[in-house]
1. Within region 115-137, what residues put their amide N at less than 14 Å from the label point 7 Å along the Cα-to-Cβ vector of THR76?
2. Under a crude label model (7 Å from the Cα following the beta-carbon direction), how far is SER146 from SER177 in nanometres?
3. Once both labels are modelled 7 Å past Cα along the beta-carbon direction, what's the ASN49-HIS61 spacing in nm?
4. For region 119-134, take each phi angle, set θ = phi - 60°, evaluate the Karplus expression 6.51 cos²θ - 1.76 cosθ + 1.60, and give the result in whole Hz per residue in order, putting x for glycine and proline.
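A short reminder: the numbers here are calculations on the coordinates, not readings from a lab. Since the model is a prediction, treat every value here as computed from it, not as a measurement. For neighbour counting, all protein chains shown are included, and Cβ atoms are generated from backbone atoms with ideal geometry for every residue, glycine included.
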Amino acid sequence: MAVLREETRNRWSALAPDKFINTVLYGALGDQLKLAYTFIAVYTQIMHNLPRTQTLGLVHHQSVVELRSLLKQLRTLISDANNALHGDDTPTVPVSSYTDEGYILDLVTTIRRFIQEIERGVSRIETTPELMDIPMPGSNGRLASSVASDINGYMFEIVQILDFAQNYAQRILERTSHNPKSECKD
């Protein structure tokens, strides 16, 4: 997974807030959310179709059911994060924060909650021996822990963009609080 490069940070930092929203949030963040959704959805579908794809031998049935459930939760959470980005099924931005920077901060906070839930679910897969050692059918012997590690990589990329967007918006707020617009005097 790529790390957010300094040249990208510099280019994004120079954007006006409305361009930042389009380029970084709807562009880069939207792309990362779609990639993560696709990855999670594919493995969720593989586990959902398990009885038709292959048997897992000695793996405890209850562990497979738990892994399926966790993957379905992860798929729902990443879908909800994507919906939040596009305004689907989310409350209206409060009037008090109806500025570009307020919108950015509100969106970052909302999406971050979903990502944190995903990270908790992934951690469960990575730290529960009964789950981490389940082979993923049709994936050349990959284990659930390997898939969870890949999901963590996607979450790392998303969190980098969220952190950058949050810092961007906070810098704007700090500048405007230090340099309030001058009042017209008659």
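1. Inside the label zone: 117-118, 121.
2. Result: 4.9 nm between the two label points.
3. 2.3 nm
4. Ordered by residue, 3J(HN,Hα) equals 4, 5, x, 5, 4, 4, 5, 6, 10, 9, x, 5, 8, 5, 9, 6 Hz.
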